[in-house]
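Taking it in order: structure first as structure tokens, then the write-up.
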Amino acid sequence: MGVGNSSDQIRAGGSELPVGDDGKARLLKAALNLFARLGYEAASIGDIADTAGVSRGLIRFHFGSKEDLLRAVEHHVLSELRKIMNTHSALLAEGRLVDALPERSGLLSQNHELTDFIRRALFDVHHTSDHFVEEVFSAFEQTAKALIEPGKSHPNWSSLMMILFSMQLGPFAFRPLFERMLGVDLTSADTISELAELHVRFINCLGLTDDVTRR
């Protein structure tokens with residue numbers, strides 16, 4: 001989607017970026033793309049400015065530094081992740097378990113830059129903020145808890161959360177690897193549905209929910 005001064009929003013990795021200033025929004029879009037693809041170290045200030053089609057000075061004007069730009073991208077990614085998880089939680093609140101997981105998985109699969117950025121951020125401990133890591137984990141932890149029937153518990157809760165976190169984010173964070181090595185299409189509705197069903201069946205096998213097909 002093209003960017004114009006009259007636009008209220010621009011697209012970035014399948015999500016909307018607010019446009020308070022055209023140059024600032026284009027820098028956020030370019031930074032998200034390059035940080036997701038190349039990582040923080042490999043994505044230079046010059047690359048970001050060139051991709052955005054603006055001068056390097058605008059980065060300092062709008063954000064102050066490359067690290068401050070990273071924090072702005074983190075903020076945007078968390079905002080988009082919360083939207084996805086809120087959609088998931090709303091369906092769960094209506095008792096629509098079999099709809100909630102495919103819907104969430106579908107939204108994650110459509111936001112390649114979002115999941116690619118999260119994958120790189122979680123492994124790039126030298127630059128990623130503690131707040132970002134904590135918020136990402138918290139978002140997935142809350143959705144994992146929402147899948148479990150009220151009153152149910154597990155003796156090894158921390159281990160269970162690690163497994164459920166990996167099950168939720170893993171397929172999309174490592175999408176390029178799985179698609180290349182296993183020949184799967186993680187944008188396919190059938191694949192997403194199968195993943196969601198296996199996810200719930202796993203929880204059901206642990207005795208944490210009574211009905212794998214409950215709506």
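Values in this text are rule-based calculations from the coordinates and carry no lab data. Worth saying up front: this structure is predicted, and the values here are computed from it rather than measured. Because the Cβ atoms are built from the backbone with ideal geometry, glycine has one as well, and the counts that use them run over all protein chains shown.
Using a 10 Å cut-off around each Cβ, can you sort 162, 85 from fewest to most neighbouring Cβ atoms?
Details: 162 12, 85 20.
Starting with the residue having the fewest Cβ neighbours, the order is 162, 85.
For 107, 32, what's the fewest-to-most ordering of other Cβ within 10 Å of each Cβ?
So the ranking, lowest neighbour count to highest, is 107, 32.
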Practice task
Output ³J(HN,Hα) for segment 186-200: one whole-Hz value per residue in order, computed from phi by the Karplus curve 6.51 cos²θ - 1.76 cosθ + 1.60 with θ = phi - 60°, and x for Gly and Pro.
Solution key: 7, 9, 6, 4, 5, 5, 4, 5, 5, 4, 4, 5, 5, 4, 5
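At a 10 Å Cβ-Cβ cut-off, how would you order 184, 136, 73, fewest neighbours first?
Working: 184 16, 136 20, 73 28.
With the fewest neighbours first, 184, 136, 73 line up as 184, 136, 73.
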